[in-house]
Structures are given as structure tokens and as C-alpha cells.
1. Note down all Cβ pairs under 8 Å where the first residue falls in the stretch 27-49 and is part of a strand (DSSP E or B), the second is among the acidic types (Asp, Glu), and they're at least six residues apart or on different chains.
2. For the stretch 212-221, check the following and say yes or no: at least one residue is within 13 Å of ligand 1 (Cβ to nearest atom), β-branched (Val, Ile, Thr) and surrounded by 18 or more Cβ atoms within 10 Å (Cβ to Cβ).
3. Among what's in the stretch 215-233 and is away from ligand 2 (no atom under 13 Å from the Cβ) and acidic (Asp, Glu), pick the residue that is nearest to residue 201 (Cα to Cα).
4. Look at the stretch 41-77 and say how many of its residues are closer than 30 Å to residue 126 by Cβ, hydroxyl-bearing (Ser, Thr, Tyr) and within 16 Å of ligand 2 (Cβ to nearest atom).
5. Just the residues that are of a type outside the set (A, V, I, L, M, F, W, C), within 24 Å of residue 168 (Cα to Cα) and in contact (Cβ under 8 Å) with a residue 12 or more places away in the chain, please, taken from the stretch 234-263.
6. Tell me, which strands (runs of 3 or more DSSP E) wholly within the stretch 246-343 include 1 or more residues that are assigned by TED's automatic domain parsing to the domain that holds residue 191 and hydroxyl-bearing (Ser, Thr, Tyr)?
7. Here are 43, 119, 50, 75: which of them is closer than 30 Å to residue 253 by Cβ and either among the charged types (D, E, K, R) or in contact with a strand residue (DSSP E or B) (Cβ under 7 Å, 6 or more places away or on another chain) (or both)?
Amino acid sequence: MQSSDIKVQLIEESKISQVDFNNLPFGSVFSDHMLECDYKDGKWQTPVIKPYSPITLDPSAKIFHYGQSIFEGMKAYKDAEGSTLLFRPLENCKRLNKSAERMVIPQIPEDIFMTGLKKLLEIDNNWIPTKEGSSLYIRPFMFASGNGFHASPANAFKLLICTAPSGAYFAGKVKVLIEEKYARAANGGVGFAKAGGNYAAQFYPTQLAIEKGYNQVIWTDDNTHEYIEEAGAMNIFIRINDTLITSPTSDRILDGITRKSIIQIAKDSGIDVEVRKITVSEVIAAAQSGSLKEMFGAGTAAVISPIAGFGYQEKDYDLPELENPLALQLKKQITDIQTNKAEDPYGWRVKL
Ligand code: PLP
Ligand code: COI
């Protein structure tokens, strides 16, 4: 598909002058345009870029009833020369298709995804923030627009890509609750997919945790609740003495792009990294002995979010305040690559 094949309907008047780029929230101010692509008659049609606006769906569209819906999260950055940069975008496209397969949503051709996204970013280029710590959050999503109450996959779908100039996901340091009762995902389930329902299912336990003063839940395995898995919107890293530990991905854990980039950067910086199962009791014992140095979450929205402390079985554990935490060193390393402030030996940065 050529970029010129994409139909473009431009907005009459841009909303950009109403936006305070110095005080951006996360994901709630939307750029002028969005991309819409329909799957019907057995194939994806040519995408359209049009003004960001509500869409009309039949009340019996299967998204509403059976939750056939998946999404991705990416970011666009500007470098000092004003070039637009993406970070490992093909990984997002691949993961979208992995989620799609599990949710019986047709595969989106890489060509439509990338050509459409690049054109959308060209059109809304001045919506990409330049301030440090801000970026254009990109939300591609696909869902069942086909209708009928029969509990079976739809025959029509939509891909939409919306973008939102955004600041930090978390306002400050994060306090987490290690979950003992509820589960996010199960073996054989859809935890590895970015399925909308995975997030809906987290809201209730997360709400209970928020009522107790925590920001996020750290999920444990559904079977024994003994193993640390991941948080609601990020993978988890734990530093015990000089070793950085993160759980292996599985059926139940999202294969985070930030996670795998951090593992690579940390290893190449000479840090001892262990990808292995880690029990809650190991973390508690480390907290009690003082060998637990840091915990942090990693994800596109969250970047690297240091964890200030955690709760478990009605007890709170504080992490030490460090002068030069590894979390912040790794955050600088990855964001410098993303924003072209450092060499990218991995070829992860994509200049548009
Ligand atoms: N885990 C979950 C459940 C997520 O929603 C996310 C966010 O995308 C992540 C981990 C981190 O993944 P990534 O680094 O690819 O954004
Ligand atoms: C992301 O980090 O892009 C995510 O998708 C997490 C989201 C729940 C905000």
C-alpha cells in the first residue's frame, strides 16, 4: 500500500491552540485526526484518516457483548532536529497480531499498520510534544464491529489509531499492593494478549487496592499466589543486592517491549540480570534483610516507574531512598535512545 492510497479528510479547524503542552495529562487530550480501517468482505479495506470524532456502531456489535477487542500502546518522540521518532514499532504490530490471533480478529498487514501510522503522524506532526518527559501516546486498537447476538467471532472489524499528546502516567512514586486473592490471568488464557477484557478484569481488585492507599496491584500467579508476575500496566523488575530480576513471560504475562529492551540495555551495561520466577517470600525476606534495593515497573506508558513501597498481607514495606537508583539510570538510557540523545546500537529507533 502506498501512502497516497490512504484517503484523507482534514479537520476544518485544529484544536491544538487549546492545549497546554506544558501540563499534559496522560491519554485524555486527543490530536486532530485518527486513522480508521475496516475489515469486511474478508479483507482489510483502504484506511481513511479523518477528524478525531465519535464512531457509530450497531447496538449488537460483538465488541459490546463478547469483548472481542485488543489494543497496543506506542509513543512518538521528537529529537532536537525536529525529526519524528518511533521505538521498535514493528514489535507493536507483531504483538497486535499475536493478540489478534488469540481473539479471532483478522491479522492486520504490517504494511497497512506502518504506512497508515506514518501518514497519521505526518498529518498531526505538530501534536508531538517536544518537552522532556512528554510524548505522543499512540493507541492502535482493533475490535469486532460486526453484529449479532450469536456468541461467535464477528465478520467485520475495525482498526482505529488515535493519538494523545501525553505527560507522565504516574504523578509520583508508585505504591503497589501484592495481590493474594484475585488473579489477572490464568494458564491457557489471554494474559499474554493486550485484550481489553484483561484490563476490565483488573479494575475491581485495583479499586480495592486504591481504597487502601496503593496505586497499582502487582499480580501473582493465579494458582498459588506465590510468584510475582506483573503490574496492571507494566512489567516488574526487582533488584536484590546487585542482581536485577524479572519474571519470565508466559501465557499470563505480557511480553513487554520496554521489558525486553531494559533487559538488553542492563546486560550490555554489565548488570547481572536474571530472568526467573521470583516468589513473594523471597522479596519479603530481601526487604527484611535490607538486600531488597529497588523495585520498578516498565512499560510504554509508565516508562520506568520506581516503586516506593509495597503492601502484602496487611503489612507495608518501604524501599530505600537511593541517591542514584538503577531505575533512573536505565530510564535515562532508554529514553536517550528513544529521543535520539544517545547512540542506538540496537537499531530500535525508527526515524520517520
Ligand atoms: N504489562 C501490561 C499488562 C501492560 O499493559 C503493559 C503495557 O503495554 C506492559 C506490561 C508493558 O508493555 P510495553 O513495554 O510493551 O508497553
Ligand atoms: C502502555 O503502556 O502502552 C499500555 O498499554 C498500558 C495502558 C494500560 C495504559
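1. 33/124; 44/38; 48/36; 49/36
2. The answer is yes, given that some residue of the stretch 212-221 is within 13 Å of ligand 1 (Cβ to nearest atom), β-branched (Val, Ile, Thr) and surrounded by 18 or more Cβ atoms within 10 Å (Cβ to Cβ).
3. Taking the candidates together, the pick is 222.
4. 1
5. Scanning the stretch 234-263 gives 235, 239, 246, 255, 256, 258, 259, 261.
6. 303-312, 315-318
7. Only one candidate qualifies: 75.
Residue-by-condition table, conditions (1) of a type in the set (A, V, I, L, M, F, W, C); (2) over 16 Å from the mean Cα position of the chain (by Cα); (3) outside the structural domain of residue 56 (by TED's automatic domain parsing); (4) within 25 Å of residue 331 (Cα to Cα):
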| position | (1), (2), (3), (4) |
| --- | --- |
| 88 | no, no, no, yes |
| 103 | yes, yes, no, no |
| 114 | yes, yes, no, no |
| 117 | yes, yes, no, no |
| 123 | yes, yes, no, no |
| 137 | no, no, no, yes |
| 150 | no, yes, no, no |
| 153 | no, yes, no, no |
| 185 | yes, yes, yes, no |
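The values are calculated or read from the model by the stated rules, or taken from the named source; none is laboratory data. Every value quoted in this text rests on a predicted model; they were computed, and no experiment measured them. Backbone-built Cβ (ideal geometry, glycine too); neighbour counts: all protein chains shown.
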